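Here the structure comes first, spelled out in structure tokens, and everything after it is commentary.
The values are calculated or read from the model by the stated rules, or taken from the named source; none is laboratory data. Since the structure is predicted, the reported quantities are computational estimates derived from the model, not experimental observations. Methodologically, a virtual Cβ is constructed for each residue, glycine included, from the backbone with ideal geometry; neighbour enumeration extends over all protein chains shown.
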Amino acid sequence: MELSLKEVFEASKSVLSEIVSLPDPDFRLEQVEFKKDQKIWEVVVSFLVANKNRPVGITPITFSSPVERVYKRLKIDENKEVLGIYMFSEAG
């Protein structure tokens, strides 16, 4: 079964929504690749999470956002089932 990019993105968002606590995580599709030999989609999705590493301070130099963008790599099969969620690094 051939999936559309929208279907792949929606399957990714559905699973990630279960682990994100922000009301508007601003999901973004960053990268998609179909692995023909394995019949799976490898997808990178970014979203916002609460920034738990904020420095304490009120000066403009120490200002940091209350949220940060994180990236996750997912593997999705042709039935829209998420096979795994992995840490994503541009290094590989």
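For region 1-10, name all the residues that are assigned to a helix (DSSP H, G or I) and over 12 Å from I76 (Cβ atoms). K6, the sole residue that qualifies. Can you say whether S65 is of a type in the set (S, T, N, Q), at pLDDT 80 or above and surrounded by 16 or more Cβ atoms within 10 Å (Cβ to Cβ), as far as the supplied structure shows? No; evaluated as a whole, the condition is false for this residue. For S17, the requirement of being at pLDDT 90 or above and out of contact with any Pro (no Cβ under 6 Å at 6 or more places or on another chain) is met. If you go through region 1-45 and keep only what is out of contact with any Asp or Glu (no Cβ under 7 Å at 6 or more places or on another chain) and of a type in the set (D, E), you end up with E2, E7, E10, E18, D24, D26, E30, D37.
Note on region 15-44: among residues that are among the β-branched types (V, I, T) and closer than 16 Å to S4 by Cα, the one that is surrounded by the fewest Cβ atoms within 10 Å (Cβ to Cβ) is V32. Screening K13 against (1) part of a strand (DSSP E or B); (2) within 10 Å of the chain's Cα centre (by Cα) leaves a single unmet condition, (1). The set of residues in region 24-59 that are part of a loop (DSSP other than H, G, I, E, B) and at pLDDT 90 or above comprises D24, P25, D26, F27, K36, D37, Q38, K39.
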